[in-house]
Amino acid sequence: MNNKVPIFLRAAEIAEILGISQPAAYRIIRDLNTELQQKGYMIQIGRVNRKYFAERYGLSVDDLSDQMEQIERGA
């Protein structure tokens with residue numbers, strides 16, 4: 001992962017983590033970004049903040065990072 005942890009997750013990554021389709025992942029991104037906007041945060045369309053995603057899905061950021069590493073290795 002180049003020792004750089006991305007701030008945002010993309011739909012493909014969310015789909016892989018949750019075992020869902022990419023269209024479903026895009027709906028999740030849209031919903032989470034709507035929540036963030038309502039709280040006054042800036043958003044990135046088509047991506048969601050990784051910490052917020054982890055918080056809303058009951059994951060620790062470390063667990064999420066471990067899953068991302070496994071995905072990148074093709075495990």
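Here, each number is a calculation from the coordinates, and none is a lab measurement. Just so it is clear, the model here is predicted, and its values are computed rather than measured. Heads up, the Cβs are rebuilt from the backbone with ideal geometry, glycines too, and the neighbour counts pull from every protein chain shown.
Which pairs have Cβ atoms under 7 Å, sit 6 or more apart or on different chains, and link a residue in the stretch 55-75 that is in contact (Cβ under 8 Å) with a residue 24 or more places away in the chain and of a type outside the set (Phe, Trp, Tyr) to one that is part of a helix (DSSP H, G or I) and surrounded by 13 or more Cβ atoms within 10 Å (Cβ to Cβ)?
Arg56/Leu32; Leu64/Arg50; Leu64/Ala54; Gln67/Ile17; Met68/Glu13; Ile71/Glu13; Ile71/Glu16
Of all residues in the stretch 1-52, how many are within 14 Å of Ile71 (Cβ to Cβ) and either small (Gly, Ala, Ser) or within 9 Å of the chain's Cα centre (by Cα) (or both)?
Qualifying residue count, the stretch 1-52: 11.
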